[in-house]
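Take a look at the structure set out below.
Read-outs: derived from the displayed coordinates by stated rules, not from any lab. Being a predicted model, the structure only gives us computed values, none of them experimental. Cβ atoms come from the backbone with ideal geometry, glycine included; neighbour counts cover every protein chain shown.
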Amino acid sequence: MSAYTDAILDLVIRKNPAEKEFHQAVKEVLDTLGPVLDRRPDYRRYKVLERFVEPERVLMFRVPWIDDRGEVQVNRGFRIEFNSAIGPYKGGLRFHPTVNLGILKFLAFEQILKNSLTTLPMGGGKGGSDFDPKGKSDEEVMRFCQSFMTELARHIGPDTDVPAGDIGVGGREIGYLFGQYKRLRNEFTGVLTGKGLKWGGSLIRPEATGYGTTYFAEEMLKTRGDSLQGKTVAVSGSGNVAQYAVQKITMLGGKVVTLSDSNGTVHDPDGIDPEKLAWVMHLKNVKRGRISEYADQYPRARYEAGARPWQVPCQVAFPCATQNEISAEDAATLVKNGCFVVSEGANMPTEPAGVDLFLEHRILYGPGKAANAGGVATSGLEMSQNSMRLSWSREEVDQKLHGIMIAIHKNAYETSKEYGQPGNYVLGANIAGFVKVADAMLDQGLV
Ligand code: NDP
Ligand code: 2IT
């Protein structure tokens with residue numbers, strides 16, 4: 001890093017103590033921007049980087065609600081409106097007990113660059129709460145969502161800030177949030193994405209992140225004349241992104257042998273075929289059960305409590321659970337076992353030393369902000385359809401999603417070449433995403 005970017009990172013750490021995930025995300029980006037800062041002295045003159053690491057607005061609020069026993073519960077709600085240079089703030093909401101300000105700032109920061117890469121006009125934002133939907137009744141989730149939206153509604157809007165889902169926020173939660181927004185504002189608008197198909201949602205949005213991550217892996221493999229056909233694949237997580245990654249990988253001829261949740265991993269050497277995947281979808285989305293139950297249903301599979309999938313030999317890995325789920329040690333195990341493709345469905349799932357190791361070994365490594373951008377890209381397509389008051393067919397949306405993932409890959413790849421590190425998608429994605437936002441910030445003056 002240069003003395004200049006060092007100083008910016010120091011400032012970020014000093015001003016945002018204890019937000020270690022935010023520091024990690026900023027450092028990773030600053031580490032790659034050196035060559036572009038050399039070419040563009042105007043960025044430094046107008047303090048674009050200093051502005052880029054400072055959110056435009058941070059909202060934190062109390063969310064009181066009443067549980068099924070009649071007891072008062074109090075959670076904390078957040079929305080980070082980080083950067084609106086290229087469009088309204090856009091990004092998901094995460095409901096998970098580990099949520100805090102630093103995690104949401106890292107996610108909102110990543111989202112700025114990711115959204116820039118999608119080719120669509122969306123700024124970067126993220127929000128959520130330390131509320132844990134696990135083990136709560138539908139009524140409790142509804143009361144929480146209504147209270148959360150009662151505050152959030154005054155800050156968002158279809159041309160201002162458009163939230164969506166993330167960990168712990170799926171179709172059910174988006175429904176309750178949308179209902180409350182509509183009631184408070186007396187407006188039926190595209191203020192959230194990931195809506196139900198009967199009330200403004202887009203076909204393929206549920207599938208989009210997992211499908212997009214898989215399309216990105218295919219594009220990376222194509223640069224070496226290869227494909228997913230016949231590959232053994234490890235997937236982590238068992239939620240929205242993991243499920244549709246498994247579906248698309250299988251459609252493209254890969255054999256997925258793992259799934260996981262925060263309690264452990266299942267390894268099915270026979271592969272998770274479409275029938276088994278349908279069973280998992282029912283388990284996770286309807287029964288809201290645990291992945292350990294897979295091994296009871298399919299006795300040839302093994303469940304290991306507390307384990308991550310990365311010990312299982314594979315050629316391709318799709319981390320689709322959460323941040324920092326691949327340690328440096330996990331990365332070394334993957335490489336040792338012959339894994340040569342990593343496509344990140346989750347946001348920042350690989351620890352920095354693991355990323356370095358992947359780059360050193362010339363692994364085809366697709367960082368989350370490029371590889372998982374299909375979800376928010378399809379949210380962008382949902383916004384377009386809402387504005388036009390029409391809906392595209394499944395095939396049309398899938399084709400557009402596929403086209404966007406090809407374009408993101410091309411942009412990141414070409415940029416990595418232009419800056420002398422062909423195939424370094426970390427550098428390519430960061431620079432390509434950043435330049436568009438930085439130029440928009442310059443055009444719009446000091447705001
Ligand atoms: P879901 O809530 O549907 O699923 C999350 C999965 O990850 C679950 O299997 C969950 O297990 C597991 N998980 C969550 N936290 C942890 C943890 N601390 N340790 C281990 N496992 C954990 O979320 P999504 O599938 O939507 O999100 C998964 C990842 O993809 C996240 O990083 C998210 O930011 C990212 N992403 C999501 C997009 C989307 O459109 N939904 C778009 C782009 C990225 P458990 O049930 O035990 O909690
Ligand atoms: O991390 C992400 O890109 C998401 N959770 C999806 C955001 C969105 O607005 O669709």
Under the Karplus relation with 6.51, -1.76 and 1.60 and θ = phi - 60°, whole-Hz ³J(HN,Hα) for segment 334-342, x at Gly and Pro, equal 4, 5, 4, 7, x, 6, 10, 9, 10
Rh (Kirkwood, all Cα-Cα pairs) for the chain, Å, reads 22.0
Between residue 13 and residue 279, the FRET efficiency computed from the C-beta separation at R0 = 41 Å comes out, to the nearest 0.05, as 0.35
Pairs over 27 Å Cα to Cα, from 20/276; 336/410; 231/336, come to 20/276; 336/410
What helix-only [θ] at 222 nm does the chain give? Using -39500 (n - 2.57) per DSSP H run of at least 4, over all residues, to the nearest 500, the answer is -14500 deg cm²/dmol
Burial-style ranking of 345-353, 359-367, 242-250, average other-beta-carbon count within 10 Å with highest first, yields 242-250, 345-353, 359-367
Check: in segment 86-181 the Lys pairs 8 or more apart or on separate chains whose Cα atoms fall under 26 Å apart number 10
Compactness check, segment 21-98: C-alpha Rg relative to the 2.2 N^0.38 Å globular estimate gives 1.60
Under a Gaussian network model of the chain whose springs join Cα atoms within less than 10 Å, the largest fluctuation of 193, 415, 150 belongs to 150
Once normalised by the length of the chain, the mean sequence separation of its alpha carbon contacts under 8 Å that are 6 or more apart gives a contact order in percent of 15
With the dipole of the chain defined by +1 on each Lys or Arg Cβ and -1 on each Asp or Glu Cβ, the option from 11, 223, 160 whose Cα lies farthest towards the positive pole is 160
Diffing segment 247-263: the Karplus 3J(HN,Hα) column from phi (6.51, -1.76, 1.60, θ = phi - 60°), in whole Hz with x for Gly and Pro, holds 4, 6, 4, 5, 4, 8, x, x, 10, 8, 10, 9, 8, 8, 9, 5, 9
By the mean-Cβ-within-10 Å protection proxy, highest first, 160-171, 207-218 rank as 207-218, 160-171
